[in-house]
Structures are given as C-alpha cells and as structure tokens.
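J.: Mind having a look at this structure? Questions to follow.
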Amino acid sequence: MSAASAAREATAQREALFGCFDRRVDGFFEAHLRGRAGADVVMYGASALGEHSFVWLVLAGAKGWRAGTGLSGLARASAVLAAESLLVNGVIKSFFRRQRPQHEGPHPLPLRTPRSSSFPSGHASAAFFSAALLRGSGKAWPLYYVLAAVVSASRVHVRIHHASDVLAGAALGAALGELARRRVSLAPPPCGTSVRASAL
C-alpha cells in the first residue's frame, strides 16, 4: 500500500469514528445557538479573542500587574505560548490533513479562516494550556477554564473546527499545561533565588 493510500484509509477511518459525534454536536449548535444574535456575538467574539492567544496574553499581563511583577509575567507567558503554538500548530498538525467544516454562504460576523489542518484545534489547545498556567490558589481560578471552554466551543459555532478537533485540542492543551506548570512559573523568582531554582 502506498503512503497516499494509507493516508486516505486513515482519514476515512477517522471520519467514520468521529463523524457521527461531530454531526450531533454541530446539529446542537445549529438548532440552539447559531443565528441567534447574542450567541453569535459571544461566540464570534470569543473566537476572535483567541486568535494568536490574545486574550491569554492580556490575562497574563493583568495577573502580573496585580502581583506587582510588571511585564515579567507577560514575557514568560509569551515565550511558553509561542512554544506551545509551535508544537501544536507547527508539528502536531503536520501529521494530519483534516479538512475544516464545509460552509456555504457568508458568516454573520467577520472571521479569519486558517489554512492549516483542522485537527487538532489550536484555539482549544492554547486555551486549556493557558488556563493551566494561569490558575492559582484563589477562588476565581475556575473562571480561566470557563473562558477556555467558551473559546474552544466558539470554534465549532463559527464552523472553523469539528467538535472532535476541539476535544482533542483541549485535552492536548490541558496535558501540556500541566507539564509546563512543573517547569515554568509565570511569576518571577524571589530575590536571591537562582533562575534554575525557579524552574524556568
């Protein structure tokens, strides 16, 4: 079997496995959310805020400002998010050639359509990766995951990703985020602490 034939067979098997799930989830969005002005504004807005991890960089900067660390937290967040994006969008996506959902007609609000593979969702991966890095011991930490879920779900709503793309991206991002938490701190090390000891 040629490499091209093997790739086509793998694609067919994947679509058979996830197709029913994707259609059911898409049907839910179509029946209950799409076309409703409020839902469209929230979902298209969330999708736009997730572009290039904009919302997560803003939150990292705000968290650093509240902690009195200046731009240090933002710089660290930018570095680790760039590494995560390179891994997911530059490496992992290259192993998959999944087409994005087909949609005829205009979108109700402006939307950028990526050209990369649909699987896995980079928005969802970055969202849950960032939520893991940003969460702390305060009571508000679940809000990071709520926002991550909204940003992730928005990609199904705007028809840029299949639901299975989003689930895979979210799981991947959450796992990478937990690994990164052990090695990277968005807060600067205390005075007198070496860089190595701060787990950078």
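The values are calculated or read from the model by the stated rules, or taken from the named source; none is laboratory data. If you're wondering where the values come from, they're calculated on a predicted model, not measured in any experiment. Note that we place each Cβ from the backbone using ideal geometry, even for glycine, and neighbour counts take in every protein chain shown.
J.: Spot the failing condition for V80; the list is (1) closer than 16 Å to H157 by Cβ; (2) under 17 Å from the mean Cα position of the chain (by Cα), and only one is missed.
T.: Exception for V80: condition (1).
J.: Can you tell me which of (1) modelled with pLDDT of 95 or more; (2) touching a helix residue (DSSP H, G or I) at 6+ places or on another chain (Cβ under 7 Å) is the one A168 doesn't meet?
T.: So A168 meets the others, but not (2).
J.: Within the range 99-122, can you find the residues that are surrounded by 18 or more Cβ atoms within 10 Å (Cβ to Cβ) and part of a loop (DSSP other than H, G, I, E, B)? Reasoning before the result, please.
T.: Filtering the range 99-122 for residues surrounded by 18 or more Cβ atoms within 10 Å (Cβ to Cβ) gives 100, 117-122.
Correct list: R100, S117, S118, F119, P120, S121.
J.: Among the listed residues A79, A126, A132, identify the single one that is assigned to a helix (DSSP H, G or I), out of contact with any Asp or Glu (no Cβ under 7 Å at 6 or more places or on another chain) and within 21 Å of V58 (Cα to Cα).
T.: Numbers: A126 fails: out of contact with any Asp or Glu (no Cβ under 7 Å at 6 or more places or on another chain); A132 fails: out of contact with any Asp or Glu (no Cβ under 7 Å at 6 or more places or on another chain).
Unique residue meeting the criteria: A79.
J.: Count, please, the residues in the range 135-186 that happen to be outside any helix (DSSP H, G or I) and either at positive phi or basic (K, R) (or both).
T.: At the first step, the residues of the range 135-186 found to be outside any helix (DSSP H, G or I) are 135-141, 158-162, 184-186.
Next cut, either at positive phi or basic (K, R) (or both) only: 135, 139, 159.
Residues in the range 135-186 being outside any helix (DSSP H, G or I) and either at positive phi or basic (K, R) (or both): 3 in total.
J.: Only residues that are in contact with a helix residue (DSSP H, G or I) (Cβ under 7 Å, 6 or more places away or on another chain), closer than 25 Å to L143 by Cβ and not hydroxyl-bearing (S, T, Y): list them for the range 76-127, please.
T.: A77, V80, L81, E84, V88, L109, P120, G122, H123, A124, A126, A127
J.: Another question, then. Going by what's in this entry, would L86 be described as surrounded by 15 or more Cβ atoms within 10 Å (Cβ to Cβ) and at pLDDT 90 or above? Show your work before the answer.
T.: Details: surrounded by 15 or more Cβ atoms within 10 Å (Cβ to Cβ): no; at pLDDT 90 or above: yes.
So L86 does not fit the description; no.
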